[in-house]
Amino acid sequence: MAYRNIIIEKKDGVGTIKINRPKVLNALNKDTVGEFSKAVGELEQDKNIKVAILTGEGKAFIAGADIGEMKDMSSLEAKEFAEIGHNLLMKIENSRIPFIAAVNGYALGGGCEVLMACDICIAGVSAKIGQPEINLGIHPGFGGTQRLPRLVGRMKAKDLLLTGRSIDAKEAFQIGLVNKVVEDEKLIDEARKLANMIAEKSSVQTGFIKSLVNKGADIDLHSACSLEISYFSSSFSTEDQKEGMTAFLEKRKPMFKGK
Ligand code: CAA
């Protein structure tokens, strides 16, 4: 399908979604959230796609939800907007595809919330990350009050949420919000290298691992370990398990089919 505010690219099993509203630093209005969600669905349904990269056009990843559009929203409209945002981020989190956030520049408010729904995050050294909603007289509406403490701990999350301060990529790395910080010019190449590495693995297993880690984080340890036993058992009825172990014993590189 044709997109107005999104650029989608597919190459060698890697899908890239780029938010393309650079004039407003890729702020997410309702239309863009809708297109973003469709783009995630398009990659999800394309069986050739094994990994996705999310990034932004120009000097921002995403500078948040669109403040111009939100200013005059009624409570009901705000509820609907928060719901479509949450649905998008759940779609990313529940997708079989690992998502890599390649954070160029600002990832604020909704941008930080998109980052946190991804599986791995690489940031350019000049990235600025934060939840500045408090400065607008609101609080995060796309999961920031929930995913941030789960990722970095409650005290650090409350520091960022209550002050609204932005942190640089190095501090984001120190608190565990970013996996790796790279030179700005190398960001997309580094994200692609990582994506290519994951794309070579069994896509059954990348989906299983993502699902186990995400589901396990929300349930008690005993139930989570039972879930792991069940997925582990299912793995032994896949072609990829046979191929991976045979290739190891034959001292060759495995060729996974995602079956
Ligand atoms: N919504 C709408 N427009 C935005 C925007 C946003 N979130 N962020 C930036 N823009 C627009 C600016 O209004 C400006 O437009 P004009 O050229 O028409 O004036 C353009 O993008 C460029 O921005 P600046 O001139 O402000 O650029 P800067 O380099 O001086 O500052 C910035 C960059 C620090 C990111 C600043 O733009 C800023 O603070 N943006 C808002 C960040 C923010 O508060 N995000 C949270 C939004 S609320 C939210 O996300 C709720 C939620 O959880 C769902």
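The values are calculated or read from the model by the stated rules, or taken from the named source; none is laboratory data. What you see is a predicted model, and the numbers here were worked out from it, not measured in a lab. Cβ atoms come from the backbone with ideal geometry, glycine included; neighbour counts cover every protein chain shown. Calculation scope for accessible area: heavy atoms of the full protein, side chains included, ligands and nucleic acids excluded. Shrake-Rupley method; radii C 1.70, N 1.55, O 1.52, S 1.80 Å.
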DSSP-loop trypsin sites (Lys or Arg not before Pro) across the stretch 1-85, with at most 16 other Cβ within 10 angstrom
R4, K47, K59, K71
Taking the dipole of the chain about the Cα centre (Lys, Arg +1; Asp, Glu -1; charges at Cβ), the one of T246, G207, A191 that reaches farthest to the positive side is T246
So, over other residues within a Cβ distance under 13 Å of S166, counting Lys, Arg +1 and Asp, Glu -1, the net charge is -1
What is the diffusion coefficient of the chain in µm²/s, taking the Kirkwood radius over Cα pairs and the Stokes-Einstein relation at 10 °C with a viscosity of 1.306 mPa s?
83 µm²/s
Would you please give the FRET efficiency between D46 and K242, computed as 1/(1 + (r/R0)^6) with r the Cβ-Cβ distance and R0 = 25 Å, to the nearest 0.05?
0.45
222 nm [θ] for the chain, helices only, -39500 (n - 2.57) per DSSP H run of 4+, per residue, to 500?
-15000 deg cm²/dmol
Extension gain (nm, one decimal) between S226 and R4, 0.36 nm per residue minus Cα-Cα:
75.5 nm
In this model, which of K170/K242; K186/K259; K47/K215; K47/K71; K158/K259 are farther than 32 Å apart at the alpha-carbon?
K170/K242; K186/K259; K47/K71; K158/K259
Positive-pole candidate from L162, F256, V181, dipole of the chain, charges at beta carbon
F256
Of all DSSP beta bridges with both partners in the chain, the antiparallel percent, nearest 5, is 25 percent
Per-q log10 I(q)/I(0), the stretch 1-92, q = 0.25 Å⁻¹ (Debye; single scatterer per alpha-carbon; no solvent):
-1.31
Rg/Rh of the stretch 136-256 (Cα atoms, Kirkwood Rh), to two decimals, equals 1.08
Taking protein heavy atoms only, a 1.4 Å probe, and rounding to whole percent, the accessible area of the stretch 52-160 owed to carbon and sulfur comes out at 57 percent
Selection of GluC sites (Glu not before Pro), the stretch 149-235, meeting DSSP coil and at most 11 other Cβ within 10 Å
E183
Highest-MSF residue in the chain out of A172, A63, A123 [GNM, Cα springs under 10 Å]:
A172
accessible surface per residue for the stretch 203-249, probe 1.4 Å, DNA/RNA/ligands not counted, whole Å² -> 65 Å²
In whole Å, what is the distance between the alpha-carbon centres of the stretch 148-214 and the stretch 1-23?
20 Å
How high is the relative contact order of the chain, in percent, counting Cα pairs under 8 Å that sit 6 or more residues apart?
16 percent
So if I place +1 on the C-beta of Lys and Arg and -1 on the C-beta of Asp and Glu, and nothing else carries charge, what would the dipole magnitude of the stretch 6-199 be about its Cα centre? I want it in debye, nearest 20.
440 debye
